[in-house]
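Notes to accompany the following structure.
Rule-based calculations on the coordinates, nothing more; no lab input. Being a predicted model, the structure only gives us computed values, none of them experimental. Cβ placement follows ideal geometry from the backbone for every residue including glycine, while neighbour counts extend to all protein chains displayed.
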Amino acid sequence: MNDSPRTVVGLDLGGTQVKGGFVLEGEQGTPDVEQTLARTVAMDTDLDAGADDLLDRLAGFARELGSNGPLGLGVPGVFEEPGGRLLRSANLKTLEGLDLGAELADRLDLPREHVCVDNDANVATYGEQWLGAGSGIQDLIMLTLGTGIGSGLVIDGQLYKGPTGKAAEVGHMVVRSLPANGSEDPDLRCGCGAYGCLERLASASAAIRRAGAAGLDTDLSQLCEVARAQPGPERELLFEIGFDLGAGLLATTAVLDVTCYVIGGGFGRSLDLLEPGIHAALAERDYGHVPPRLLPATLGASAGWIGAARMALDSLD
Ligand SMILES: [Zn+2]
């Protein structure tokens, strides 16, 4: 029997790319962050050849990374809990209905309980809480501002997913109510079916849409650059988007007494421009809550695989 530490692989499966890397058994403490980030590698997702082919290639990717212990996988989608079957995934429809953990355990000859599969927002949150902006913080919510708004909740250092795995979907919190006269703004109708979800107002996609509607540059990085350089309509728009985001945080804080939010995703890099609006929204209520800390995520696109690997490490405990 070999006594060397096992290699625990984390994978973050996206619609176009799979990011991956490894940590070693025993690294639950505080591995070197730079060294861990430097282990990030990627491969194309390539859905053309179907689910079996993708699962074979995921297993091959894990083997190349040295996998000989537990494996963690993040996937954008909704899972059946308990059980872990992928119920819905807008970008990975070909995998719907599959128990991805069982499929990978089979291919890698691992015990099923050592393959941990979770929503991509949850694994990213766990990654940031372990080695990123939330390191050392026991209670936080992470929001990922991208095409939509992903979110994860950590309570007492543990991810909280709720009895059916769908807790803390902050992006689908309704922050703009449906007008009683039925004259709704079609842009605010969410993919989930509800009206006025936070992600229809404050995701990167929403920001692009709102910039277009205001006659401003729809290239978000350009827009933010102008907003940073001078006062004007660009800065005002980002204030308004921040204010809407703040409405979501206000509601979330009222329910969960959240004291720390980690903000990630491409649009999250403009947190400095959103913060004035967020703070203005939060200042509307005085209920004795400590103003929550707003921290920019620090692990970037590596947060997902790192959190997935940490989840897999936990399965050894
Ligand atoms: Zn929604």
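With both residues required to sit in the chain, DSSP beta bridges show an antiparallel share near 60%.
Length gained on full extension, Arg112 to Val290: 59.8 nm, using 0.36 nm per residue less the C-alpha separation. Volume per residue of the convex hull around the Cα atoms, evaluated for the chain, comes out as 148 Å³.
With Cα atoms defining each centre, region 95-127 and region 159-195 are spaced 27 Å apart in the structure. With respect to the chain, whose longest principal axis is taken over its alpha-carbon atoms, helix 220-229 is tilted by about 50°. Protection proxy ranking for 282-289, 35-42, using the average of other Cβ atoms within 10 Å per residue and placing the highest first: 35-42, 282-289.
Any idea what the relative contact order of region 137-297 is, in percent, if you count C-alpha pairs under 8 Å spaced at least 6 apart? Before the final figure, lay out the partial values.
Details: 273 pairs, mean separation 39.0, N = 161.
Worked out over region 137-297, it gives 24 percent.
Angle of helix 233-256 to the longest C-alpha principal axis of the chain, folded into 0 to 90 degrees and rounded to 10: 60°. For Leu98, nonlocal amide neighbours, meaning residues 5 or more places apart or on other chains whose placed amide H falls under 5 Å from its own, are Leu86.
How much length is gained if the chain between Ala90 and Asp317 is pulled fully straight, taking 0.36 nm per residue apart and subtracting their Cα-Cα distance, in nm to one decimal? Don't skip to the end; give the middle numbers.
Working: separation 227, 0.36 × 227 = 81.72 nm, distance 3.34 nm.
Taking 0.36 nm per residue and subtracting the Cα distance, the gain is 78.4 nm.
Working from Cα positions, state the angle (0 to 90°, nearest 10) between the long axis of helix 51-64 and the longest principal axis of the chain. Long axis of 51-64 versus the principal axis of the chain: about 70 degrees. DSSP beta bridges confined to region 137-297 are antiparallel in about 55 percent of cases.
Each peptide in 157-163, 118-124 gets a packing score, the mean of other Cβ atoms within 10 Å over its residues, and the list from highest to lowest is 118-124, 157-163.
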